Amino acid sequence: MEYLSDRIKLLSASATLAMAQKSRELKAKGMDIISLSLGEPDFNTPDYIKEAGKKAIDDNFSKYPPVSGYNDLREAISKKFREENGLNYTPDQIVVSVGGKHSLINVMLCMINPGDEVIILAPYWVSYYDQVLLAGGKPVIVEATLENDFKVLPEQLEVVITKKTRLIIFNSPSNPTGMVYTREEMEAIARVVSRHEGLYIMTDEIYEHIIFKGEHVSMASFDFIYDRVITVNGLSKSYAMTGWRIGYIGAPLWIAKAVDKLQGQFTSGVCTIAQKAAVAALRQDDGSRKMMRDAFLRRRDLVCKLLKEIKGFKIRVPQGAFYVMPDISHFLGKSDGEKKINTSDELALYLLEKAQVAVVGGDSFGAPKCIRISYATSDDLLVEAMKRMKKALELLR
Ligand code: PMP
Ligand code: GLU
């Protein structure tokens, strides 16, 4: 007999990680899978950061760290917030966690009571939805359409806000759409937050450096809501450090203190070696951030050009991150003569089987008419993947 908690039964497995695992398994069986499923830079961590990690081992940073992170790391983050984002977060308003994913759930566990409503803007990153459930909250989905560039309008938020709404989760540049809100669009959303007492906004800015047009704007830079913003960020994407697991928040002091208390019972803080590597990453700029951003821009152009040649896909050209989210409704209800495609997840499975290309169905992103393609891979593989997809999709009638 197995006894699982209701809490864990409520959760779905992460669709992005599940697809990544599936393609790894198929590759291990000798299949020539091209994986465009996982959102992670294909670059290695820059050498100067790796050196700092090695040095941390030799220097015996092997004891429990402070729960919220080493002082030098929180000072480096505080400086980064000030210089790059125009935000004033003192080191005691900063908590370092095991990746941005951990930072997000920490905040939710500290702020959400059973039955509290949390607004999520669809298409959304898969984990927001399940994290809200895990924290006992009720996800309230507000849908942004492709016609509106996958962006939610302030009036759409106004109509769903109730006395129980505690939090809005905001993400720009967006995973999965790659869309970037303008300063004006963000300010309009900030005004909505300011009009509702007791409403907070958690802004996930993990893709801030991968932006192709204009500048990244931090939600907390709108002074009139600074006290109601939790800024989440991390080093995974900007510094190609997904495996090091470093994320952090800048937040009102009472939230940072609550998260510190939670981590004190949960993780006792973050791996010391990774923290020291993170200090080095933030203190120096060897040009790799820009090099990676430029490569993603080139690939975006390549992928969008090739996607436009595939009949039936509708796209919006992404302005940041490394994802593109085509609308695939044209293919729903169609068949290759053997199997009918009813959902975007089924289309993703079809592409895996017929084209040996792994993408993620839109269902778990709150985008049932779309699929997500991660273009964080080499130009050659992207060209080959698009060729294979085009061929497989032409069979659907
Ligand atoms: N937010 C978004 C939007 C993401 O795409 C990711 C990537 N998985 C994360 C947060 C968390 O990344 P990490 O836990 O590696 O910092
Ligand atoms: N952010 C990446 C993605 O969305 C990594 C996978 C994950 O953490 O879910 O694919």
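The values are calculated or read from the model by the stated rules, or taken from the named source; none is laboratory data. From a predicted model like this one, the values you see are computed outputs, not experimental measurements. Quick reminder, even Gly has a Cβ in these numbers, built from the backbone with ideal geometry, and neighbours come from all protein chains shown. Each accessible area value is taken on the protein alone, full model and side chains, heavy atoms only, with ligands, DNA and RNA left out. Shrake-Rupley method; radii C 1.70, N 1.55, O 1.52, S 1.80 Å.
Answer with one residue from 271, 335, 284: the one whose Cα lies farthest towards the positive end of the charge dipole of segment 243-397, charges on Cβ with Lys, Arg +1 and Asp, Glu -1. Result: 284, furthest along the dipole toward the positive end. Farthest towards the positive end of the charge dipole of the chain, among the residues 246, 97, 350, is the Cα of 350, using unit charges on the Cβ of Lys, Arg, Asp and Glu.
Using all pairs of distinct alpha-carbon atoms, the Kirkwood hydrodynamic radius of segment 255-397 works out to 17.7 angstrom.
Relative contact order of the chain: 23 percent, from C-alpha pairs under 8 Å at least 6 residues apart in sequence. If you plug the beta carbon distance of residue 298 and residue 329 into 1/(1 + (r/R0)^6) with R0 = 30 Å, you get a FRET efficiency near 0.55. Across the chain, the longest piece that holds none of the GluC sites (Glu not before Pro) lying in DSSP loops with up to 15 other C-beta atoms within 10 Å covers 3-196. Think of the chain as a dipole: +1 on every Lys or Arg Cβ, -1 on every Asp or Glu Cβ, centred on the Cα centre; then among 370, 258, 28, 28 lies furthest on the positive end. By its C-alpha gyration tensor, with a ≥ b ≥ c as the square roots of the eigenvalues, how is segment 118-245 shaped: rounded for a/c under 1.5, else prolate for a/b larger than b/c, else oblate? Rounded, since a/c falls under 1.5. Taking 77, 33, 206 as the candidate residues, the one with maximal mean-square fluctuation in a Gaussian network model of the chain, Cα springs under 10 Å, is 33. Is the shape of segment 76-130 best called rounded, prolate or oblate, per the rule: a/c under 1.5 gives rounded, else a/b larger than b/c gives prolate, else oblate, with a ≥ b ≥ c the square roots of the Cα gyration tensor eigenvalues? In terms of gyration-tensor shape, prolate. Return the distance in nm (one decimal) between the two label points of a simple spin-label model at residue 51 and residue 5, each offset 7 Å from Cα along Cα→Cβ. The answer from the label model is 4.5 nm. Once you list every other residue whose beta carbon is under 13 Å from the beta carbon of residue 38, what net charge do they have if Lys and Arg are +1 and Asp and Glu are -1? Its environment carries a net charge of +3.
Under the simplified labelling scheme, the residue 284-residue 197 pair shows an inter-label distance of 5.2 nm, with each label point 7 Å from Cα along Cα→Cβ.
The simple spin-label model puts a point 7 Å past each Cα toward its Cβ; for residue 253 and residue 147 those points are separated by 4.9 nm.
Charges were assigned to the Cβ only: +1 to each Lys and Arg, -1 to each Asp and Glu. The resulting dipole of segment 250-340 about its Cα centre is roughly 200 debye.
In this calculation the C-beta distance from residue 227 to residue 155 is compared with R0 = 25 Å, giving a FRET efficiency of 0.55.
Between 0 and 90 degrees, the angle of helix 15-28 with respect to the longest Cα principal axis of the chain falls at about 60 degrees. Can you tell me the 0 to 90 degree angle between the C-alpha axis of helix 183-195 and the longest principal axis of the chain, rounded to 10? Approximately 60 degrees, to the nearest 10. Per-residue 3J(HN,Hα) values for segment 91-97, derived from phi via the Karplus relation 6.51 cos²θ - 1.76 cosθ + 1.60 with θ = phi - 60°, read x, 6, 9, 10, 10, 8, 9 Hz in sequence order (x marks Gly and Pro).
In a simple Cβ point-charge model (Lys, Arg +1; Asp, Glu -1; nothing else charged), segment 1-92 has a dipole of about 240 debye relative to its Cα centre.
Using a 7 Å offset from Cα along Cα-Cβ at residue 59, what residues in segment 88-103 end up with backbone N under 20 Å from the label point? Answer for segment 88-103: 91, 96-97. For residue 311, the lysines whose Cα falls under 19 Å of its own Cα, not counting residues fewer than eight places away in the same chain, are 334, 340, 354, 369, 387, 390, 391. The angle between the Cα long axis of helix 100-111 and the main principal axis of the chain comes to about 60°, on a 0 to 90 degree scale. Report, ordered by chain and residue number, the lysines lying within cross-link reach of residue 55, taken as a straight Cα distance under 28 Å and ignoring same-chain residues fewer than 8 apart. Counting by Cα, and skipping residues close in sequence, residue 55 has these lysines nearby: 63, 79, 80, 101, 237, 276, 290. In the context of the full set of protein chains, the chain has a per residue accessible area of 45 Å² (1.4 Å probe).
Can you pull the percent of segment 162-273's accessible area that's carbon plus sulfur, 1.4 Å probe, other chains left in place? Carbon and sulfur atoms account for 51 percent of the accessible area of segment 162-273. Proximity of backbone amide H atoms, modeled 1.01 Å from N, is registered between residue 230 and 201, 202, 203 at under 5 Å, excluding neighbours fewer than 5 places apart on the same chain. Summary of the geometry: segment 259-322 and segment 17-66, compared by the centres of their Cα atoms, lie 13 Å apart.
Here the dipole of the chain is about 640 debye; that uses its Cα centre as origin and unit charges on the Cβ of Lys and Arg (positive) and Asp and Glu (negative).
Can you work out the FRET efficiency for the pair residue 309 and residue 13, with r the C-beta to C-beta distance and R0 = 35 Å, to the nearest 0.05? That pair, residue 309 with residue 13, gives E of 0.55.
Mean-square fluctuation check for the chain, GNM, Cα pairs under 10 Å: which of 159, 303, 270 is largest? In this elastic network of the chain, the residue with the biggest mean-square fluctuation among 159, 303, 270 is 159.
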